[in-house]
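Some notes on the structure that comes next.
The values are calculated or read from the model by the stated rules, or taken from the named source; none is laboratory data. Keep in mind it's a predicted model, so treat the numbers as computed, not measured. Every residue, glycine as well, gets a Cβ built from its backbone with ideal geometry; the counts of neighbours run over all protein chains shown. Note: accessible area is taken over every heavy atom of the protein model, side chains too, but ligands, DNA and RNA are not part of it. Shrake-Rupley method; radii C 1.70, N 1.55, O 1.52, S 1.80 Å.
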Amino acid sequence: AESNDANSDDPDDNDSKKKTMDKVWSKVIADTKDSDDRDEDEEEDEDEAKTRDPIMQEISVRLECCKFRHAVPTPIQQCINGHLICKSCLIGINKSKNPTCPECDVGLRDAVFTNLALGNMASHCVVPCRYEHCDVKCAHSDLDNHLQYCSLPAKRKENMDPEDFDWKATDAESDDAGIRAMAIVAREINCNFCNEATPPPIQQCKSGHVACSYCLERMRRADSPTCPFCQVDISVTGRNLHLEEMASSHSVKCRWEGCEKEMKYPELSEHLATCESQPILCAACDAKAESDARYVSWDAMWEHYKAVHLGKATPTELDNMVLKDDHIRRMLDGKLGFITWGHSLNANGEPVRVFPGMYYSKERETFYFTIRIMAPLLAEEDDDDKTTFGLVVSSPTSPVRMVGHFPAISYRTPHKYTINSPCLAISVATMELMTEGGDGIIFEVKLPEGGGLTLV
């Protein structure tokens, strides 16, 4: 055959091929234009990131919904772990049988929190509209109003004035926006109830009121614990992760009277837990009076103990502390958890702030002998100056004798936690060997020499 398909003279066939090629080239041109537009957008974003205040840039990123990464309008809502979820996504998620956070899979049923702090610090942050057909930018405080207007059908917008929705388009932030935002961070990390810096992790009620662990502990003692500001149940709180991270470079001071130390915010929790100036709870007072039995210094604690408890307690001579066989048997039988000898007497017969004690762990089948002192413990890194006590353990009827030295622990440490502290551990087998004569055992404690420790 002499005909050639590639050079067909059929006009219909040529028109079909031409149309196909036109479609291909149209798609190539469109893709190239889209690519160029994306490149231009990326370049604009890069230029904006370079010129924008880094604090405001960080806030704009933190405002993104964890599902679709667009700015979350006010009220800013989050899961219990601090991940933001916009209202539109939340409506869709709540339609499922088991709604969970897209970021961490934590349940969202009755567990959605409002992040007031982030909303306050982001009020002047410029954010883009979430809709693809709209290129408007506005202050975050105006975003919710703009989205209400922007979501309306075009015909309804024709007869409406955008100002009726109380928002204004803007693409510029003030020069001091970042400074103002960090000033808000410094204010927002303060507990809403005591106005002291809240140690991380920052907890808040469902309405967004930040509460420190100390105030939470006090409020949760109530029969029906609620937030004093909004009356919501405060037995369950959420974490304000964004506020914590924004405050990471912020400097804060210790809240305890007598301590002037200043530190970076992430270091606050550890410092407060070990600060020698923190209020001291009297272990000898009734547990119900905990809120009224805290003292601002060890000296004040000792004065309280002498005034209230000294006359009621039997003092212990440090060179002759007897642990009776009957007490040991009761501890082994689970009828007695711990024994404390109360305060002690030194060689001159004066009361000293030394509180020997014995705790028995049934799980470990071990007795733990400890020395708690009502005085500051010297820093652990000062190995040569540690508050170390000498100890001799003996039995009137057994040749077994134990001699050693170990550091004291704070009077704050509850007896049941002494097994994780420096102490003398005596196994049940050794204890039975030492007490087989039925006369118990004797402890002799030797106070540390020098070191500047005030125990009287």
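Net charge near Ile179: determine it from the other residues with C-beta under 12 Å of the C-beta of Ile179, scoring Lys and Arg +1 and Asp and Glu -1.
On the way: positive: Arg180; negative: Asp53, Glu173, Asp175, Asp176.
Net local charge, Ile179 excluded: -3.
Hey, what did region 105-158 get for relative contact order, percent, Cα under 8 Å, at least 6 apart? Before the final figure, lay out the partial values.
Working: 34 pairs, mean separation 13.3, N = 54.
That works out to 25 percent.
Can you tell me, using C-alpha contacts under 8 Å and at least 6 residues apart, the relative contact order of region 205-268 as a whole percent? Numbers along the way, then the final one.
On the way: 56 pairs, mean separation 15.1, N = 64.
Taking the mean separation of contacting Cα pairs over the length of region 205-268, I get 24 percent.
Over region 61-218, what percent of the accessible surface lies on carbon and sulfur atoms, probe 1.4 Å? Mind dumping the intermediate values first?
Values: 3810 of 8040 Å².
Within region 61-218, the accessible surface is 47 percent carbon and sulfur.
For region 100-177, just say rounded, prolate or oblate: build the C-alpha gyration tensor, square-root its eigenvalues into a ≥ b ≥ c, call rounded for a/c under 1.5, and beyond that prolate if a/b exceeds b/c, oblate if not.
Oblate is the answer for region 100-177, as a/c is 1.5 or above yet b/c matches or exceeds a/b.
What pairs from Lys87/Lys168; Lys206/Lys253; Lys67/Lys264 go past 25 Å between their alpha carbons? Working shown, then result.
On the way: Lys87/Lys168 22 Å; Lys206/Lys253 28 Å; Lys67/Lys264 32 Å.
Beyond 25 Å between Cα atoms: Lys206/Lys253; Lys67/Lys264.
What would the Debye formula give as log10 I(q)/I(0) at q = 0.12, 0.13 Å⁻¹ for the alpha-carbon point model of region 193-332, no solvent?
-0.70, -0.77
Sort largest first and round to whole Å: the equivalent ellipsoid semi-axes of region 102-254, each the square root of five times a Cα gyration tensor eigenvalue.
Equivalent-ellipsoid dimensions as semi-axes: 35, 20, 13 Å.
In terms of the Cα gyration tensor, with a ≥ b ≥ c the square roots of its eigenvalues, is region 63-133 rounded because a/c is under 1.5, prolate because a/b exceeds b/c, or oblate?
Details: a/c = 2.36, a/b = 1.42, b/c = 1.66.
Oblate.
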